[in-house]
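Below is one structure; the comments refer to it alone.
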Amino acid sequence: MLKLLGTAVSFGAGFAGAKILDAVWLKVTGQKPPKPGDKEAQNEASLRQALGFAVASSVVASVIQVLTERGTTGAINYFKRTADEI
């Protein structure tokens, strides 16, 4: 049950992180992020911008993965400990 909750939190955090990254990218560069499904944005972006966005996306995804994994593990351990005390 808690692992499913952890998966849901991970998806939600990933979605929120992607939206925040998109907003920051738009504010900093003034252009839409060069995502695979958006041909117009891809055509406007230079190779440097596309690689920069790919690196930034990877960093954000990795940080979110680590934080949600640690949070989920901590929650599971907490609830296991409290269940044993009852």
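One line per residue, one yes/no per condition, for (1) modelled with pLDDT under 85; (2) open to solvent by 40 Å² or more (accessible area, probe 1.4 Å); (3) not in a loop (DSSP other than H, G, I, E, B):
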position: Lys3; (1), (2), (3): yes, yes, yes
position: Phe15; (1), (2), (3): no, yes, yes
position: Leu21; (1), (2), (3): no, no, yes
position: Lys32; (1), (2), (3): no, yes, no
position: Gln42; (1), (2), (3): yes, yes, yes
position: Leu51; (1), (2), (3): no, yes, yes
Please enumerate the residues belonging to region 29-74 that are touching a residue at least 12 places away in the same chain (Cβ under 8 Å), of a type in the set (A, V, I, L, M) and farther than 14 Å from Ala13 by Cβ.
-> Ala45, Ala50, Ala56
Residue count for region 38-62, restricted to those that are touching a helix residue (DSSP H, G or I) at 6+ places or on another chain (Cβ under 8 Å) and not polar (S, T, N, Q) | 6
State yes or no: is Thr7 surrounded by 11 or more Cβ atoms within 10 Å (Cβ to Cβ), free of Cβ contacts under 8 Å to residues at least 24 places away in the same chain and either in a loop (DSSP other than H, G, I, E, B) or not hydrophobic (A, V, I, L, M, F, W, C) (or both)?
-> yes
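The values are calculated or read from the model by the stated rules, or taken from the named source; none is laboratory data. Note that the coordinates shown come from a computational prediction; the quantities given were computed from them, not determined experimentally. So basically every Cβ, Gly included, is an ideal-geometry build from the backbone, and we count neighbours across all protein chains shown. SASA here: full protein model, heavy atoms, side chains in, ligands and nucleic acids out. Shrake-Rupley method; radii C 1.70, N 1.55, O 1.52, S 1.80 Å.
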